[in-house]
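For reference, the structure is listed below as structure tokens.
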Amino acid sequence: MSLRRRLQDEPKTVTSHIGGRFVAAAGKPIDIVDPANEAVVAVLHEADDAEVDRAVSVARNAFENGQWRTATTAQRQAALMAIHDCILENAAELAELESVDTGIPLSQTRGMHVPRAAYNFRFFAETINQSGGDVFTQEQGILSMVTHEPIGVCGLIGPWNMPLGLTAMKIAGALAFGNTCVVKPSELTPLTVARLVELVSGLLPEGVLNLVNGRGHITGAALVSHPRIDMVSFTGGTETGRAILAALAEGIKLPAMELGGKSASIVFADADIDYALNGALLGSFMNNGQMCLAGSRIFVQRAVAEQFIERFAQRTGRMAVGDPLVEETEIGPMINGAQCERMLHYAESGAKQGATLLTGGRLHQASNRGFFAEPTAMLAPDNDLAICREEIFGPFATLQIFDEEDEVIAKANDSDFGLVGYVWTEGLERGLRVSSALRTGTVMVNTPIVRDLRTGFGGYKMSGLGREGAKGSRAMFTEEKATIIARGKRQFPHMGLNG
Ligand code: NAD
């Protein structure tokens, strides 16, 4: 029997996992539905303030009195590699569970998200082996050492759109640098992170990895305002990020924020157009378009605009929309009905503000159950329309025509967000020039969506604070300590000799 069928027959119970075991189901029950058919596949029991407090206390005790903080690099590496192996051993189950929970096509969860989740642990296992400090010497016999110490108990809060991969990244980074953590996944998609914690918590000392589940304003708010956490690493929407920053300011806690985006994808006339078309389509519509780094604000240079836009619209209209567990599916369901409505609303508002609907803009008719919307493309007359400024978070691309390089750079930068920029050109010099002009944390030239963990990922402007990746994660998950050592007795003015 398929995993989906089993979950429909007997919905999974999802509770907090504290100190190595699931707690009894007690809190408010919340149905978790498969967005492809609206069947209940799990019931989440929400953690209240007391349960969050228990999770933080266990993590605190494990940090202060346990062996993880003081473990050798080799011990931590061995545990991280065991988690890596465990994810790969359970890859088929995790991929199917992720697709049932999120609606992301199985080809993507199996081909990318699950391997990526595993790779995070291997990457950080390798990183800590090479992650040293600094030593400065001075003529006066002073040795100044800079070392990086675990920051403490980390609150790790994830979004619904790529729950396993994004949360695994946070867990791997926090653990690698010697911290303990309390993880809170999205209440919309809690299944794979709960399964991951269940699978791997026995590979770690007790209390190092803990999980709480529930809605943001209840469980999430209790976690971020808890006095005994030391930092929060958050991935989610900009508005939520603002609320979390306010809560952290109260306790002078460090935030790391990976927030929203509205990334420009600039197609110059000198690009390889077939290649750029494929890249722009993937960059807009992968993960059902529900991606912070979607390059969904596409600018095309006038000389190639007509044919590019026509072909983009045709290909968008031909995408295979359907059940994420079917191999050929390219676009699965939106996460819920509200997200579908949101997409339709943007199509309507775009048309009212002067944009032309090229394709889509309606619910998908293939099934009367599930949250399916047609992949949508609109031609926008300028950058001021809401569809060009606000994050839609669905399979929805806007296209605009430009003439000059300076003009398109100004338009691409005319955004509250600054997560990613995409540039399509055969001119390397142009690629580098435009990259340095774009006010975004990452620029990808002639490629959609490459995530090299050795580089930091994060945003300028309202797209976030801090970077995730090797050095960025170390900055996020450690405190920097300076130890100043006199190597011999120093000559300094003696005080109080005349008293
Ligand atoms: P969201 O902000 O609604 O929720 C994210 C998480 O925060 C959830 O776990 C939620 O329960 C929790 N939360 C909500 N209110 C909270 C509060 N007051 N205190 C503590 N926690 C709270 O975001 P979402 O809708 O789940 O995810 C989509 C958003 O995430 C998009 O804006 C997308 O761009 C962004 N995102 C960013 C990145 C990135 O790396 N920059 C990656 C993926 C998604």
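The values are calculated or read from the model by the stated rules, or taken from the named source; none is laboratory data. Source: prediction; values computed, not measured. All Cβ positions, glycine included, derive from the backbone under ideal geometry; neighbour counts span all protein chains shown. Note: accessible area is taken over every heavy atom of the protein model, side chains too, but ligands, DNA and RNA are not part of it. Shrake-Rupley method; radii C 1.70, N 1.55, O 1.52, S 1.80 Å.
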- Separation of the range 186-201 and the range 241-315 by C-alpha centroid, Å? 28 Å
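Could you grab the relative contact order for the chain? Cα pairs under 8 Å, six or more apart, rounded to a whole percent. Write out the running numbers ahead of the final one.
Values: 1130 pairs, mean separation 86.6, N = 499.
Rounded, it is 17 percent for the chain.
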- Query: With a ≥ b ≥ c the root eigenvalues of the C-alpha gyration tensor of the range 139-259, is it rounded (a/c under 1.5), prolate (a/b larger than b/c) or oblate?
  - Reply: oblate
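Accessible area of the range 264-445 with a 1.4 Å probe: how many percent of it is carbon plus sulfur?
Details: 3480 of 7250 Å².
Its accessible area is 48 percent carbon and sulfur atoms.
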- Task: Mind checking the per residue accessible area of the range 264-445 for me, 1.4 Å probe, whole number of Å²?
- Result: 40 Å²
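Please compute the net charge surrounding HIS226, taking Lys and Arg as +1 and Asp and Glu as -1 over other residues with Cβ under 12 Å from its Cβ. Don't skip to the end; give the middle numbers.
Values: positive: ARG54, ARG60, LYS184, ARG228, LYS253; negative: ASP49, GLU51, ASP53, ASP230, GLU250.
Net of charged neighbours comes to 0.
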- Item | Hits among aspartates and glutamates - C-alpha to C-alpha of LYS12 under 16 Å, sequence gap 8 or more where chains match | ASP31, ASP34, GLU38, GLU46, GLU93, GLU96, GLU98, ASP101, GLU187, GLU198
- Message: Can you tell me, using C-alpha contacts under 8 Å and at least 6 residues apart, the relative contact order of the range 264-445 as a whole percent?
- Response: 27 percent
- Note on the structure: Each label sits 7 Å from Cα toward the beta-carbon; between ARG318 and ARG5 the label points are separated, in nm, by 3.5 nm
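Can you list which of the DSSP-assigned H helices in the chain have a Cα extent of 15 Å or more along the long axis and an average Kyte-Doolittle score of at least 0.0?
Details: long enough: 49-65 (23 Å, -0.48); 73-89 (24 Å, 0.34); 91-102 (16 Å, 0.14); 114-130 (25 Å, -0.24); 163-176 (19 Å, 1.29); 238-250 (19 Å, 0.46); 273-285 (18 Å, 0.95); 302-317 (23 Å, -0.56); 337-352 (23 Å, -0.71).
Once both thresholds are applied, what remains is 73-89, 91-102, 163-176, 238-250, 273-285.
Where does the charge balance sit around PRO333 when Lys and Arg score +1, Asp and Glu -1, over other residues with C-beta under 15 Å from its C-beta?
Details: positive: ARG4, ARG342, ARG362, ARG369; negative: ASP34, GLU38, GLU98, ASP101, ASP323, GLU330, GLU341, GLU374.
Result for the local shell: -4.
Top to bottom by accessible area (1.4 Å), largest first, where do GLU404, GLU479 land? Don't skip to the end; give the middle numbers.
Values: GLU404 115, GLU479 95 Å².
Order by accessible area, largest first: GLU404, GLU479.
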- Mean ellipticity per residue at 222 nm, deg cm²/dmol - from DSSP H runs of n ≥ 4 across the chain, formula -39500 (n - 2.57): -11500 deg cm²/dmol
- Rounded to the nearest 5, what % of the DSSP beta bridges within the chain are antiparallel ones? 40 percent
- Just checking the chain: which Cys have no other cysteine's beta-carbon under 4.7 Å? CYS86, CYS292, CYS340, CYS388
- Gap separating the Cα centres of the range 352-430 and the range 37-112, nearest whole Å: 34 Å
- Query: What is the spin-label model distance, in nm, from ASP85 to ALA482 if the labels are put 7 Å beyond Cα along the C-beta direction?
  - Reply: 4.3 nm
- Message: If I stretch the segment between VAL135 and ILE252 completely, what's the gain in nm (0.36 nm per residue apart, minus their alpha carbon distance), one decimal?
- Response: 39.3 nm
- Quote to one decimal, in nm, the extra length available between ARG369 and ALA386 on full extension: 0.36 nm per residue of separation minus the C-alpha distance between them. 3.2 nm
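Heavy atoms only, probe 1.4 angstrom, no DNA, RNA or ligands counted: give me LYS489, LYS461 ranked by accessible area, highest first. Spell out each step's value before the answer.
Details: LYS489 205, LYS461 90 Å².
Descending order: LYS489, LYS461.
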- Message: On a 21 Å Cα-Cα criterion, which of the cross-link pairs LYS184/LYS471; LYS253/LYS481; LYS184/LYS262 come out too long?
- Response: LYS184/LYS471; LYS184/LYS262
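Order 311-321, 414-424 from most to least packed using the mean count of other Cβ atoms within 10 Å. Don't skip to the end; give the middle numbers.
Values: 311-321: 16.8, 414-424: 24.8.
Packing proxy ranking, top to bottom: 414-424, 311-321.
Pull out a ≥ b ≥ c, the square roots of the eigenvalues of the alpha-carbon gyration tensor of the chain, then state rounded if a/c is under 1.5, prolate if not and a/b is larger than b/c, and oblate in the remaining case.
Values: a/c = 2.10, a/b = 1.32, b/c = 1.60.
Oblate is the answer for the chain, as a/c is 1.5 or above yet b/c matches or exceeds a/b.
Is the C-alpha gyration tensor of the range 212-357 telling us rounded, prolate or oblate? Criteria: a/c under 1.5 is rounded; beyond that, a/b larger than b/c is prolate, otherwise oblate.
Values: a/c = 2.42, a/b = 1.97, b/c = 1.23.
Prolate.
Roughly to the nearest percent, how much of the accessible area of the range 118-216 is carbon and sulfur, given a 1.4 Å probe?
Values: 1350 of 2910 Å².
Carbon and sulfur atoms account for 47 percent of the accessible area of the range 118-216.
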- Distance (nanometres) between label positions extended 7 Å along Cα→Cβ at GLN491 and SER144: 2.2 nm
- For the peptides 490-498, 257-265, what is the packing order when you average, over each peptide's residues, the other Cβ atoms within 10 Å and list the highest mean first? 257-265, 490-498
